[in-house]
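Engineer: Before I ask anything, here is the structure I am working with.
Bear in mind these aren't lab numbers, they're just calculated from the coordinates by the rules spelled out. None of the values given here were measured: they were computed from a predicted structure. Note: ideal-geometry Cβ built from the backbone for every residue, glycine included; neighbour counts use all protein chains shown.
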Amino acid sequence: MKGFERIVEEDSWIIKSAIKDLCIYKNLEEYYQEGLIGLWEAYIRFDPSKGASFRTFAYRTIRGKLLTCLKKAKQEEDHLAILSEAIMEVIVDERAEVPLEIEILSCYCNGLTLAQKTWVYKTFVEDKGPKAIAKEEGVSLETVKSWRRYALEKMRREVGLGDRHRGPVS
């Protein structure tokens, strides 16, 4: 059997084909990386004695890997939508001016994990410090600080600041 590097050179089109067939158009690099992992798994598990060609087996393995990632992303998106709706219901009852504030704030939260979004919400809307957030969420202070650090990095990249304007983060 060929080396994996050669397989990637010759058969990386299979990944692109699976991505196209599944109509994936967002986060292409992330899904391509998952496709490479699927190609690697196919390379490791392929048994020519089973009768299928390697490319057929690789396509099915890659497609399965991508479908799993899509399903996970959809579940995460649904969870965030439910959480956002629940947060909006609570806030609309408590303060009339806050929904617009949250809507504006959520524009900067693209690409953040649920934990990072939790930090943003509790910090900027509920005006809570890291210790209070850690206690509420049942995690360590260091965990909350890491949420903050990575959230701020992602938010800076989102608005095009990168690391140039990085101030002290404690």
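Engineer: Quick one: Karplus J couplings for region 22-36, per residue in order, coefficients 6.51, -1.76, 1.60, θ = phi - 60°, nearest Hz, x for Gly and Pro?
Structural biologist: With coefficients 6.51, -1.76 and 1.60, one gets 8, 6, 7, 10, 9, 6, 4, 5, 4, 6, 5, 4, 4, x, 4 Hz.
Engineer: To continue, here is another question. Between GLU29 and LEU67, what FRET efficiency comes out of the Förster formula 1/(1 + (r/R0)^6) with R0 = 25 Å and r the beta carbon distance, rounded to 0.05? Please list the in-between numbers first.
Structural biologist: On the way: r = 18 Å, r/R0 = 0.72.
Once the sixth-power term is evaluated, E becomes 0.85.
Engineer: When the Karplus curve 6.51 cos²θ - 1.76 cosθ + 1.60 is applied with θ = phi - 60°, which whole-Hz ³J(HN,Hα) does each residue of region 123-138 get, with x for Gly and Pro?
Structural biologist: 6, 8, 9, 8, 6, 9, x, x, 5, 5, 5, 4, 5, 4, 8, x
Engineer: Please list, in order along region 64-73, the HN-Hα scalar couplings obtained from phi with the Karplus expression 6.51 cos²θ - 1.76 cosθ + 1.60 (θ = phi - 60°), rounded to whole Hz, x for Gly and Pro.
Structural biologist: x, 4, 5, 4, 4, 5, 5, 4, 5, 5
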